[in-house]
Amino acid sequence: MHNLSRQLRALALLLDYPGDAMQAHLAEISAVLGPLEPDHPAPRESLRELIDHMATTDLMDLQAEFVDTFDRGRSTSLNLFEQVHGDSRDRGQAMVDLLAQYQEVGLDLQAKELPDYLPVYLEYCSVLDPGAAREALEEVALLVAHLTVALDRRESHWVAVTSAACRLAGVGDWRALVEQQTGQEAHPPTPGPRNIHSEGLPADW
């Protein structure tokens, strides 16, 4: 397993619903993600600070924080296609197409997991070779950047994870990417599983 694969799996674990197993492996996760830590991160962008927070917070409180962060609105939803399609039929077809990509690499979803759930997508990227993984990350870079901006506005600890995912996707300044995109008035095509990043999001999203 290459280093990028380990890092993607670690990020997926940090973005998933917190459980005992995740808390028990935080030291290993921290070791894997150490190279992704920026030299002088803002406190909320520090993976180390997030992991320390997860390690020292009661699990039930951490779970409540997770639900309050990710399950209370579209802007911070971990379901990528919800940002683009909402509950329209287009989202269903896009998820069918994405599920087919997962099946091509032998990735099986759990019963309640949706294909556009960001931790699942990161897990999918982790089974690809490094070049293909980075291309797949670039496909969702804009959506993850929007999510990062939304989390930053809420002063969420999880912004450290999504900003790290942006860096792996080649996006060093996620704020600038979002500002550039929201300033454009073009109407790009509806995204498919391989061009998710091209869809515009509302400027006030």
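Observations, loosely collected:
- Selection from segment 155-183 of residues that are more than 16 Å from the chain's Cα centre (by Cα) and touching a residue at least 40 places away in the same chain (Cβ under 8 Å): GLU155
- Test set (1) out of contact with any Cys (no Cβ under 7 Å at 6 or more places or on another chain); (2) touching a residue at least 40 places away in the same chain (Cβ under 8 Å) - ALA141 fails condition number: (1)
- When segment 26-37 is filtered for residues that are free of Cβ contacts under 8 Å to residues at least 60 places away in the same chain and surrounded by 14 or more Cβ atoms within 10 Å (Cβ to Cβ), the ones remaining, listed by number, are LEU26, ILE29, SER30, VAL32, GLU37.
- Among residues of segment 153-199, those that are modelled with pLDDT under 50 and either surrounded by fewer than 17 Cβ atoms within 10 Å (Cβ to Cβ) or among the acidic types (Asp, Glu) (or both), counted: 11
- With respect to the conditions (1) crowded, with 16+ Cβ neighbours inside 10 Å; (2) touching a His at 6+ places or on another chain (Cβ under 7 Å), PRO130 lacks only one, and its number is (1).
- Taken over segment 137-161, the criterion of being of a type in the set (Asp, Glu) and over 17 Å from THR69 (Cβ atoms) is satisfied by GLU138, GLU139.
- Of all residues in segment 35-82, those satisfying the criterion of being part of a loop (DSSP other than H, G, I, E, B) and at pLDDT 95 or above are THR57, ASP58, LEU78.
- Test: residue in segment 115-124 that is of a type in the set (Ser, Thr, Tyr), within 17 Å of the chain's Cα centre (by Cα), closer than 20 Å to LEU13 by Cα and in a strand (DSSP E or B): yes
- Looking across segment 41-79, the residues that are loosely packed, with under 13 Cβ neighbours inside 10 Å and under 21 Å from ARG167 (Cβ atoms) come down to ALA42, PRO43.
- Filter pass, LEU109 being within 22 Å of LEU147 (Cβ to Cβ), touching a residue at least 12 places away in the same chain (Cβ under 8 Å) and surrounded by 14 or more Cβ atoms within 10 Å (Cβ to Cβ): no
The values are calculated or read from the model by the stated rules, or taken from the named source; none is laboratory data. Note that the structure is predicted; figures quoted are calculated from it, not measured. Heads up, the Cβs are rebuilt from the backbone with ideal geometry, glycines too, and the neighbour counts pull from every protein chain shown.
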